[in-house]
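The values are calculated or read from the model by the stated rules, or taken from the named source; none is laboratory data. Just so you know, these numbers come straight off a predicted model, no measurement behind them. Virtual Cβ from ideal backbone geometry, glycine too; neighbours counted across all protein chains shown.
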Amino acid sequence: MKFCSDCGAAVDFRIPPGDDRERFVCTACETIHYINPRLIVGCLPTWGEQVLLCRRAIEPRRDYWTLPAGFMENGETTEEGAARETWEEARAQVRDLALYRVYDVPYINQVYLFYRCSLVDGSHAAGPESTDTRLFHRDEVPWDELAFPSIYRALRAFFADREAGRDYPLAVETIYRRRDAGG
């Protein structure tokens with residue numbers, strides 16, 4: 001950040017009075033500009049024994065497979081955002097959303113929230129940010145072509161919970177760097 005969004009003056013990167021970390025502070029009006037982690041919300045949609053994945057049409061990780069997810073918008077709940085992203089990326093409507101996985105990803109300043117859910121009628125199609133959508137059984141998932149560590153972890157946990165007959169417990173994990181995906 002170079003300029004204050006309130007008055008247009010230059011900003012410094014310093015510890016403001018009463019704080020404990022560096023922030024962007026306006027040199028003229030003293031406005032403190034907080035830069036905080038971004039929330040990514042998405043769904044792990046199922047249809048019978050299959051999960052819905054989207055092939056990314058955009059960077060980063062273009063042409064890799066992902067769960068439908070994206071940045072939360074102002075004025076919506078995390079659940080509404082997850083359902084919206086599923087519609088935007090996979091043209092799929094979902095129901096019975098239940099928070100399933102939260103991933104803190106401090107190395108890129110993001111937090112991911114994934115909701116388990118069911119497709120309303122099984123229909124799906126590529127939206128503007130996808131080149132393809134497809135339903136996969138566990139043994140068909142393109143594990144080496146998944147876009148992000150959070151996607152890999154969420155799918156592994158989901159299939160493990162399903163096979164173990166667990167009630168899909170909510171879990172919170174931290175991904176410290178990309179190679180922490182496992183597998």
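Remarks
- Here residue 150 clears all of (1) surrounded by fewer than 17 Cβ atoms within 10 Å (Cβ to Cβ); (2) small (Gly, Ala, Ser); (3) closer than 30 Å to residue 176 by Cβ except the condition numbered (1).
- Taking the range 133-162 as the range and being more than 10 Å from residue 65 (Cα to Cα) and charged (D, E, K, R) as the test, the residues that pass are 138, 139, 140, 153, 156, 161, 162.
- Exactly one residue out of 41, 11 is out of contact with any helix residue (DSSP H, G or I) (no Cβ under 8 Å at 6 or more places or on another chain) and surrounded by 14 or more Cβ atoms within 10 Å (Cβ to Cβ): that is 11.
- Members of the range 8-49 that are more than 24 Å from residue 75 (Cα to Cα) and assigned by TED's automatic domain parsing to the domain that holds residue 66: 46, 47, 48, 49
- Residue check for residue 61: surrounded by fewer than 19 Cβ atoms within 10 Å (Cβ to Cβ), assigned by TED's automatic domain parsing to the domain that holds residue 123 and at pLDDT 95 or above: yes
- Residue in the range 73-86 that is more than 15 Å from residue 129 (Cβ to Cβ) and in contact with a Lys or Arg (Cβ under 8 Å, 6 or more places away or on another chain) present: yes
- Of the strands (runs of 3 or more DSSP E) that lie entirely inside the range 68-183, those containing 1 or more residues that are at pLDDT 95 or above and out of contact with any Asp or Glu (no Cβ under 9 Å at 6 or more places or on another chain) span 94-105, 110-119, 130-136, 171-174.
- The residue that is modelled with the lowest pLDDT, counting only those in the range 27-54 that are among the aliphatic types (A, V, I, L, M) and over 12 Å from the mean Cα position of the chain (by Cα), is 35.
- Taken over the range 80-110, the criterion of being surrounded by fewer than 17 Cβ atoms within 10 Å (Cβ to Cβ), touching a strand residue (DSSP E or B) at 6+ places or on another chain (Cβ under 6 Å), touching a residue at least 24 places away in the same chain (Cβ under 8 Å) and more than 15 Å from residue 173 (Cα to Cα) is satisfied by 95, 98.
- Positions within the range 1-17 being assigned to a strand (DSSP E or B) and closer than 10 Å to residue 30 by Cα, in sequence order: 11, 12
This table checks each residue for (1) among the basic types (Lys, Arg); (2) surrounded by fewer than 21 Cβ atoms within 10 Å (Cβ to Cβ); (3) more than 18 Å from residue 61 (Cα to Cα).
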position	(1), (2), (3)
78	no, yes, yes
112	no, no, no
119	no, no, yes
125	no, yes, yes
129	no, yes, no
140	no, yes, yes
157	no, yes, yes
160	no, yes, yes
174	no, yes, yes
